[in-house]
Amino acid sequence: MKLDVANWKPFQIDKMFDIYTGGDLIMGEITEGDIPIASNSAENNNIAAYTSIISDRKLFDHTKSISIADRGKFWAFIQAKDFYIATRVKALVCKDCNILNIYQLSFIVSVLNQESFKFAYGRNCCANLPLIKISLPVQYNLDGSPVIDSTFRYSDEGYVPDWQWMESYVKTLHHLPLTTKNTKSEKRINIEEWKDFEFGKLISKIYKAKAHNKDDLTETNSTISSIRYITRTGEDNGCELIVSMNDIDRDTIEEANAITIGDTTATCFYQDEKFIAGDHMVVVRAEWLNKARALFVLSILKKEQYKYSYGRAFLMDRIKATKLKLPIVHNDDGAPYVDETHKFSDNGYVPDWTFMENYIKSLPYGDRI
């Protein structure tokens, strides 16, 4: 369902919500519990830790409140449980809580997050939050004129958000709950017998991808004749845009089943579809590569990311020289299997790709990969 936003009206945040800012909270002094603490991180649904009840701190009703990360990256969240907010974190609480519900909050959050692009490159939202205006559908009279509230409760113009339309729209979105047949395993990985491998010996090919300029591409919502544009971003599996394949040189299209690495950011992802790349993108290919094995290896490779910042790039020579500790194949007697060709390591050890694949697939939701 394509939204027609032409007749939506602007609503200022502080007209619709009371805004709260978290006071000082020292994470090291909290008592672990099951109440989430929203932070200024835009990851992990904004949650930094879980605590027991903090008697002198406001607990926000998750069905009526929005948590906001407004420093670094501006992003709004709805929470699954009542929550606290950490130091200088924002929370929005609807002023007319008898009207809003979780469906309407979900709609508002999705619209509010469209403002995120305004707060980047060191420009924090902070004091600007009350003044942000978001466009929402409004209520209309039978004669087609907008409903005007004489109290001007929601906007200076008197427009009234169409809460019911928002709720109905969210309920019509097609989705199924994500399920898994895998139960949570308590099995721990024993890494004592894992061995070091140089990444360069594990792979068959590494090269710089042909770079495409974003300005030369056409973004599209179509699933026909479109392709992923993979860049150095750390989000959305490295996909910055879905673009039209029109006018794209077919020789620059990368095949699926590859690892992509941003050499100036060390962001790395597995690509299971064909793609084109932005600037400074490295492509890695290997005979053993598939999605499950890639997820195992990448979870270890990403631990190296902290080394590459402040101008120190993850260049191809550094990528190849990176050492990863991996499980190895053993003989029936329990001794490490040694490959006389020394294909993967100077010591002849062979990574246990089957173990890695089976482990990923055994995790909760691993059956959905």
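Look through LEU112, LEU59, LEU92 and report the one residue that is touching a Ser or Thr at 6+ places or on another chain (Cβ under 7 Å) and either aromatic (Phe, Trp, Tyr) or modelled with pLDDT of 90 or more (or both).
Numbers: LEU112 fails: touching a Ser or Thr at 6+ places or on another chain (Cβ under 7 Å); LEU59 fails: touching a Ser or Thr at 6+ places or on another chain (Cβ under 7 Å).
Checking each option against the conditions leaves just LEU92.
Condition check for ASN246 on (1) in contact with a Ser or Thr (Cβ under 6 Å, 6 or more places away or on another chain); (2) over 30 Å from TYR306 (Cβ atoms): one failure, at (1). Looking for something surrounded by 14 or more Cβ atoms within 10 Å (Cβ to Cβ), part of a helix (DSSP H, G or I) and hydrophobic (A, V, I, L, M, F, W, C) - is there at least one such residue anywhere in the range 332-341? The answer is no; no qualifying residue exists. Within the range 113-123, restricting attention to residues that are of a type in the set (A, V, I, L, M, F, W, C) and in contact (Cβ under 8 Å) with a residue 12 or more places away in the chain, the residue that is surrounded by the fewest Cβ atoms within 10 Å (Cβ to Cβ) is ALA120. Does GLU219 qualify as being exposed (fewer than 13 other Cβ atoms within 10 Å of the Cβ), modelled with pLDDT under 90 and within 15 Å of GLU240 (Cα to Cα)? When the stated conditions are applied, GLU219 passes them.
Let's see how each residue does on (1) of a type outside the set (Lys, Arg); (2) assigned by TED's automatic domain parsing to the domain that holds ILE360; (3) surrounded by 12 or more Cβ atoms within 10 Å (Cβ to Cβ):
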| position | (1), (2), (3) |
| --- | --- |
| PRO177 | yes, no, no |
| LYS181 | no, no, no |
| ILE189 | yes, no, no |
| LYS201 | no, yes, yes |
| ALA209 | yes, yes, yes |
| ASP215 | yes, yes, no |
| SER225 | yes, yes, no |
| ILE230 | yes, yes, yes |
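For every residue, the table says whether it meets (1) farther than 26 Å from ARG153 by Cα; (2) of a type in the set (Val, Ile, Thr).
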residue	(1), (2)
GLU32	yes, no
GLU43	yes, no
ILE54	yes, yes
LEU59	no, no
ILE66	no, yes
PHE83	yes, no
ARG88	yes, no
CYS94	no, no
ASN101	no, no
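All of (1) over 26 Å from LEU289 (Cα atoms); (2) crowded, with 17+ Cβ neighbours inside 10 Å hold for THR172 with one exception: (2).
Just checking, how many residues over the range 235-272 are more than 21 Å from ILE224 (Cα to Cα) and acidic (Asp, Glu)? Walk me through how you get there before you give the answer.
If we filter the range 235-272 for residues that are more than 21 Å from ILE224 (Cα to Cα), which is where we start, we get 235, 258-270.
Then keep just the ones that are acidic (Asp, Glu); that gives 235, 263.
Adding up the residues that qualify gives 2.
Within the range 71-85, does at least one residue satisfy the condition of being in a strand (DSSP E or B), touching an Asp or Glu at 6+ places or on another chain (Cβ under 7 Å) and buried (at least 19 other Cβ atoms within 10 Å of the Cβ)? Reasoning before the result, please.
Taking the range 71-85 and keeping what is in a strand (DSSP E or B), we get 75-77, 83-85.
Narrowing further to those that are touching an Asp or Glu at 6+ places or on another chain (Cβ under 7 Å): none.
Within the range 71-85, none of the residues are in a strand (DSSP E or B), touching an Asp or Glu at 6+ places or on another chain (Cβ under 7 Å) and buried (at least 19 other Cβ atoms within 10 Å of the Cβ).
Just to be sure, is SER110 closer than 26 Å to ALA80 by Cα, assigned by TED's automatic domain parsing to the domain that holds ASP70, in a helix (DSSP H, G or I) and in contact (Cβ under 8 Å) with a residue 60 or more places away in the chain? The answer is no for SER110.
Among the residues making up the range 124-147, those that are touching a residue at least 60 places away in the same chain (Cβ under 8 Å) and either assigned to a strand (DSSP E or B) or surrounded by fewer than 17 Cβ atoms within 10 Å (Cβ to Cβ) (or both) are PRO130, LEU131, LYS133, ILE134, SER135, LEU136, VAL138, PRO146. Just the residues that are closer than 16 Å to LEU112 by Cβ and touching a Leu at 6+ places or on another chain (Cβ under 8 Å), please, taken from the range 68-91. ILE68, ASP70, ALA76, ILE78, LYS90 - these are the residues of the range 68-91 that are closer than 16 Å to LEU112 by Cβ and touching a Leu at 6+ places or on another chain (Cβ under 8 Å).
Every residue, every condition in (1) over 30 Å from THR260 (Cβ atoms); (2) among the basic types (Lys, Arg); (3) free of Cβ contacts under 8 Å to residues at least 60 places away in the same chain, yes or no:
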site: LEU100; (1), (2), (3): yes, no, no
site: ASP149; (1), (2), (3): yes, no, yes
site: ARG153; (1), (2), (3): yes, yes, no
site: GLU192; (1), (2), (3): yes, no, yes
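Taking LYS291 as the residue in question, decide whether it is at pLDDT 95 or above, within 20 Å of the chain's Cα centre (by Cα), farther than 17 Å from GLU198 by Cβ and not hydrophobic (A, V, I, L, M, F, W, C). Criteria met by LYS291.
Figure legend. Inter-residue proximity from the range 263-290: first residues assigned by TED's automatic domain parsing to the domain that holds ASP236, second residues assigned to a loop (DSSP other than H, G, I, E, B) and polar (S, T, N, Q), beta-carbon distance below 6 Å, spacing 6+ or different chains. Indicated pairs: GLY278/THR231; HIS280/THR264; ARG285/SER204; ALA286/SER204; GLU287/SER204; LEU289/ASN257. Out of the residues in the range 307-323 that are part of a loop (DSSP other than H, G, I, E, B) and not aliphatic (A, V, I, L, M), which is surrounded by the fewest Cβ atoms within 10 Å (Cβ to Cβ)? The residue in question is TYR310.
Please list, ordered by residue number, the strands (runs of 3 or more DSSP E) wholly in the range 1-53 having 1 or more residues that are in the same structural domain as SER65 (by TED's automatic domain parsing) and among the β-branched types (Val, Ile, Thr). Steps first, please.
On the way: elements: 9-12, 17-21, 32-38, 47-51.
Output list reads 17-21, 32-38, 47-51.
Scoring SER65 on the criteria (1) loosely packed, with under 14 Cβ neighbours inside 10 Å; (2) at pLDDT 90 or above leaves a single failure, condition (1).
The values are calculated or read from the model by the stated rules, or taken from the named source; none is laboratory data. All figures in this text were calculated on a predicted structure; none of them were measured in a lab. Please note: Cβ atoms are built from the backbone with ideal geometry, for glycine as well, and neighbour counts cover all protein chains shown.
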